[in-house]
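Everything on this sheet refers to the single structure shown next.
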């Protein structure tokens, strides 16, 4: 599709006659591209659950380095990606971010067939898979330009929520795919026999994404648009760093998305350490699934009601639910069902909050500035993919459980509650988001 030179979604006549069709097409191509990017970003969270069966002998805490590394570099990649769509065009950036994911998939799949591969090599490949996490900032910034403010919450919620499903898709598909010789000789053929007679093809955890990435790269080049009206220089975009509310919303979005992605990276290994490795393969995908599906609902609620009040309710839920997790993992009341239920409530709250905070950004900033702010807040929040696993790693090493980590998170959530109330929710708030 050519570059679109005139774009005004706030004009109802233009929107109904021409704008909606273009916007919807770009949205529905963006979603699967973002879903695949998330799948590649988080596949280490599932791969490490099975690496010991394939002959890799590192400790549980050493294995946590891989998802933490992917998380950190995914967050770091979001910083330049924040400005990419404005500077180079949304279609061009989407095609690039989708295609580049083929590289870590191929390299990691090859390395997984050799148990003598050093941890440092896997750490490098985890860094490369971080580009999948970076795609989120470019995608959200791009989609924000296509829709009028009155529909921004729903559109951004769909893009992010269904894109976030890549986390649960990876955590659901990988346990099934690694037991099937999907690619025959082309996939290397390396396998490990299991006690039940099945063969384990761990390389499939990365190879399965390659054909899909190739297809959607071509689809994005064919069907997406570049908007001339969205093009801005770095200097024009960088003005957001002088805006106080850019920084406040960065903290609030770190609370919601930083928690969501950090928990998604940590959840399988937490289940494995606290309960049973088999349960990790069966239930780990549910957390990200619930959080991802809750995000479009949060977008719809934020379009209909007060986005700041929804964020307040979300924050209160995020303060209370970790206390339930701590209770159900204590020695006297160990209950996987209770642990799972409280964690799913926590995931649901993060999903709704991801959407409500993005809606707040769309209300606080002009259309030109909302896109870069969305990208910037997402880039900083994504460091939760590194920080939360590291926090759990420290808590487990120092205390034998995850309780210390949850108490620190609760303290952070209380601070976020105060910020949301003071700046956006109370009577006479600086920028009421009602």
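Just so you know, all these numbers are worked out from the coordinates, no wet-lab data involved. Everything quoted here is computed from the prediction, not taken from an experiment. Note: ideal-geometry Cβ built from the backbone for every residue, glycine included; neighbour counts use all protein chains shown.
Quick one: helix 367-381 against the long Cα principal axis of the chain, what's the angle to the nearest 10°, folded into 0 to 90?
Approximately 20 degrees, to the nearest 10.
Hey, how many Å between the Cα centroid of the range 365-424 and the Cα centroid of the range 114-189?
When both Cα centres are located, 21 Å separates them.
Using only Cα atoms, figure out Rg for the range 235-347 and give it as a multiple of 2.2 N^0.38 Å.
1.27
Cβ neighbours within 10 Å, averaged per peptide: list 322-329, 138-145 in order, most packed at the top.
My ranking of the peptides, most packed first, is 138-145, 322-329.
Grab the beta carbon distance between residue 330 and residue 222, set R0 = 51 Å, and tell me the FRET efficiency rounded to 0.05.
0.40
Label residue 16 and residue 176 with points 7 Å out from Cα along Cα→Cβ: what is the distance between them in nm?
The modelled label-to-label distance comes out at 4.4 nm.
Using packing as a proxy for protection, rank 50-57, 156-163 so that the peptide with the highest average count of other Cβ atoms within 10 Å comes first.
156-163, 50-57
Could you work out how much longer the chain between residue 276 and residue 337 gets when fully extended? Use 0.36 nm per residue separation minus the Cα distance between them, nm to one decimal.
Stretched out fully, the residue 276 to residue 337 stretch lengthens by 20.7 nm.
Could you give the length gained by full extension between residue 429 and residue 394, i.e. 0.36 nm per residue of separation minus their alpha carbon distance, to one decimal place?
So the extension gain works out to 8.8 nm.
Once the Cα atoms of helix 210-223 and of the chain are each reduced to a long axis, what angle between those two axes, in degrees from 0 to 90 to the nearest 10, is obtained?
Value to nearest ten degrees: 10.
To check my understanding: the extent here is largest minus smallest coordinate of the Cα atoms along each principal axis. What are those three numbers for the range 301-423, in Å, largest first?
Rounded to whole Å, the extents work out to 52, 27, 24 Å.
Could you tell me the distance between the Cα centroids of the range 40-77 and the range 267-314, to the nearest Å?
21
Can you give me the distance in nm between label points at residue 79 and residue 121, each placed 7 Å from the Cα along the Cα-to-Cβ direction?
According to this spin-label approximation, the distance is 3.0 nm.
Compute the acute angle (0 to 90°) between the alpha-carbon long axis of helix 336-364 and the principal axis of greatest extent of the alpha-carbon atoms of the chain; round to the nearest 10°.
30
As a footprinting exposure proxy, order 309, 394 by other Cβ within 10 Å, with the fewest listed first.
Least to most surrounded, the residues fall as 394, 309.
If you average the sequence gap of Cα pairs under 8 Å that are 6 or more apart and divide by the length of the chain, what percent do you get for the contact order? Walk me through the numbers before you get to the answer.
Working: 838 pairs, mean separation 110.7, N = 434.
So the answer I get is 26 percent.
For Kirkwood radius over Cα pairs in Å, the listed values are [x] 23.3; [y] 29.7; [z] 21.7; which was obtained by calculation from the structure presented?
Checked against the structure: label [z].
Among 110-120, 126-136, 288-298, how do they line up from the highest to the lowest mean number of other beta-carbon atoms within 10 Å?
126-136, 288-298, 110-120
In nm, give the distance between the simple-model label positions of residue 368 and residue 410, each being 7 Å from the Cα along the Cα-to-Cβ direction.
4.6
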